[in-house]
Each structure stands twice: as structure tokens, then as C-alpha cells.
1. Could you tell me whether any residue of region 80-93 is surrounded by fewer than 17 Cβ atoms within 10 Å (Cβ to Cβ) and touching a His at 6+ places or on another chain (Cβ under 6 Å)?
2. Among what's in region 101-116 and is in a loop (DSSP other than H, G, I, E, B) and surrounded by 11 or more Cβ atoms within 10 Å (Cβ to Cβ), pick the residue that is farthest from the chain's Cα centre (by Cα).
3. Do the conditions hold for Ile16, that is, is it crowded, with 17+ Cβ neighbours inside 10 Å and β-branched (Val, Ile, Thr)?
4. So, Pro140, is that one modelled with pLDDT under 90 and either assigned to a helix (DSSP H, G or I) or loosely packed, with under 13 Cβ neighbours inside 10 Å (or both) or not?
5. Which residue is farthest from Phe36 (Cα to Cα), if the candidates are limited to region 97-133 and must be touching a residue at least 40 places away in the same chain (Cβ under 8 Å) and touching a Leu at 6+ places or on another chain (Cβ under 7 Å)?
6. Go through the residues of region 63-70 one by one and say whether even a single one is in the same structural domain as Ala134 (by TED's automatic domain parsing), surrounded by 13 or more Cβ atoms within 10 Å (Cβ to Cβ) and over 21 Å from Leu132 (Cα atoms).
7. Just give me the residues in region 143-160 being small (Gly, Ala, Ser) and at pLDDT below 85, in sequence order.
Amino acid sequence: MAQPSIPLEPEHIYHIWTHANGSENLFRVEDNYRYFLEKYAQHIHPIAKTYAYCLMPNHLHLMVKIREEKVLLNLQGFGNPGGLIRKISQQFGNLFNAYTKAYNKMYDRKGSLFIPKFRRKLIDNDSYFTRLIAYIHNNPIHHQFVNDLNEWSHSDTINADLSGMMHIMLQENASELEEVVVQASSTFLDDRESKHVEVITEAELTKAACCNLSESFETNASVDVSFTDAVSGAKTIRMLGLDGRYVQINRENIPNVRGLAGRYGLSYMPGTWIQSIDVGKGAGTIVNGYESMTGQINVE
């Protein structure tokens, strides 16, 4: 009596394998392997993540994890949770049927190509997971097709030649990638902060053509910089109408210009070192110091 098939359930990992009918081969030429992977991406990738695979001339092994139920229900034809398990299994059947039709047309043959039911086994422990990865990748050696698993090109094994540089090229997958639009401005408000924080970016600093920290606010209306000494050219910051000694100035959240250094310290920080400046007006936290009565300026 035939044993019932193991159901393919969401978020479970399975070893799936199948074989050609009789003594025939599933793959005769390179184009057969390529076409099968194209159909695999079309039918299986939307419903499962692939951890390992190996295509042999007369059989194949897959190690997959079925995607989450909420992902599956968003796929076309998967809207009803009641028949979800049946539809997951049907996707593998659709893969094998689509490949068989193309194979039969190419070689002018008729009838089934794969055995009636593909095999599956639940991977429910780490030990089996690890052993299965090794088994799938070493399948070509086990069947004496090659002596080195890196010589078999029809699996997900990557040949790493440690004697030189290795180049791995990632190809765009139209079914995976969506358009991403990145927008930015020279200044913006940081919505991660509970208080009002304006961020002056590198683009704004380049526009100001600043040589030091005191010149970084040339194009910004939030902070007023004025001369304190006409002879030395020293500058000080004014915020909310008060003198610079009431402003907490940090470098990467560490107090930097404070006390007597407030008179000349702004000129000692080169503008080329500055990537961005966070300006927060109003009384803030005293974690970094006690001077932040009118605001904080953090230089990064």
C-alpha cells in the first residue's frame, strides 16, 4: 500500500527529489538545464526559498523552504487559505509538466518524463539540514560524474579559487526587484528625534564652501555666527538670541567646544572633516553636558 504524501506547509523546509521515467534522461544538453532553471524561477521561486539544488542527468534534488502564508495568499490563484497546501504542491507539478512539454517537443517524444509523484521529506532538525546540504552538493561525485564537486556546473555550488580574486555577479531578478526612488535634500528634519533637530548634510556644507566649523553655517538661518574679535577674526555662535556659551557643541556626541574654547574653538575644526551637523534648538538633554540651554550642535 502506497504511503500518503507529506504535505508541503508554509515556513517548513523540505528535501524534494524526483527521477526520470525508466532509463531516460531528464537533461541531455546544456540548454535543457538552463530551461529547467528558467521554469523553476517562474513556478517555484514565488512560493519557496531555495537553500540548495543539484540537477543530474536522470534525477534532481532540491532543498526548499516554503514561504510564509501571508506571502503565498498574495500570489495570484492563492487567495483561498483552505486549498493552500494543495496549491503549493501543484506548483511543483506545474514545473515538471511545463518542462516535460518543452522536452517532448524538442525531442519529438510523447508521454510522461518524470516518475508519477515527486518525493518529499520534512527537514525537522539541524543535523539533517547540515547532512542534506553536503549530500546534495556531493551527488555528482556519488554517482561518479566528476571527482570534484566544483567541476559540476548544474548545482548552486560556487567554485572558490583561493589562488586569485573571485568575482561573483548578481543578476537582476524582475520578479524580486521593484523600483526604488531615493530623494534627499541638503538639509532636513530628523523625524527619529523627539525634539526639533535640523540636519545639515555634506551637500549643504559643500555649497557653503566652509573652511572650518564657524563657516559651516553661512547658508543656514538656524544658527547665527558673528565676530567676537576684529583683530583675531574669532567667531562665536548665537542661538535664540543668546551667546554661544549657552549652546552645547559636541563632536560625535562628545562635548568638544566648551568653556573658554568657545571663543576660538570653532576655527580649529576643519570643514573637510565634517560630514553632517545636527542642530537642535531649545533646552535639551544633559547627558552630553549642561550647556545646552539654547540648543545642541552635534558635528559628525
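1. no
2. Applying the first criterion (in a loop (DSSP other than H, G, I, E, B)) to region 101-116 yields 108-113, 115-116.
From what is left, the residues that are surrounded by 11 or more Cβ atoms within 10 Å (Cβ to Cβ) are 109, 112-113, 115.
On the way: Arg109: 44, Ser112: 40, Leu113: 38, Ile115: 38 Å.
Within region 101-116, the match that is farthest from the chain's Cα centre (by Cα) is Arg109.
3. On the way: crowded, with 17+ Cβ neighbours inside 10 Å: yes; β-branched (Val, Ile, Thr): yes.
Yes.
4. no
5. This residue is Ile123.
6. Initially, region 63-70 is screened for residues in the same structural domain as Ala134 (by TED's automatic domain parsing), giving 63-70.
Of the ones still in play, those that are also surrounded by 13 or more Cβ atoms within 10 Å (Cβ to Cβ) are 63-67, 69.
In the following step, the residues that additionally are over 21 Å from Leu132 (Cα atoms) were identified as 69.
Among the residues of region 63-70, at least one is in the same structural domain as Ala134 (by TED's automatic domain parsing), surrounded by 13 or more Cβ atoms within 10 Å (Cβ to Cβ) and over 21 Å from Leu132 (Cα atoms), which makes the answer yes.
7. Ala160
The values are calculated or read from the model by the stated rules, or taken from the named source; none is laboratory data. Note that the coordinates shown come from a computational prediction; the quantities given were computed from them, not determined experimentally. Virtual Cβ from ideal backbone geometry, glycine too; neighbours counted across all protein chains shown.
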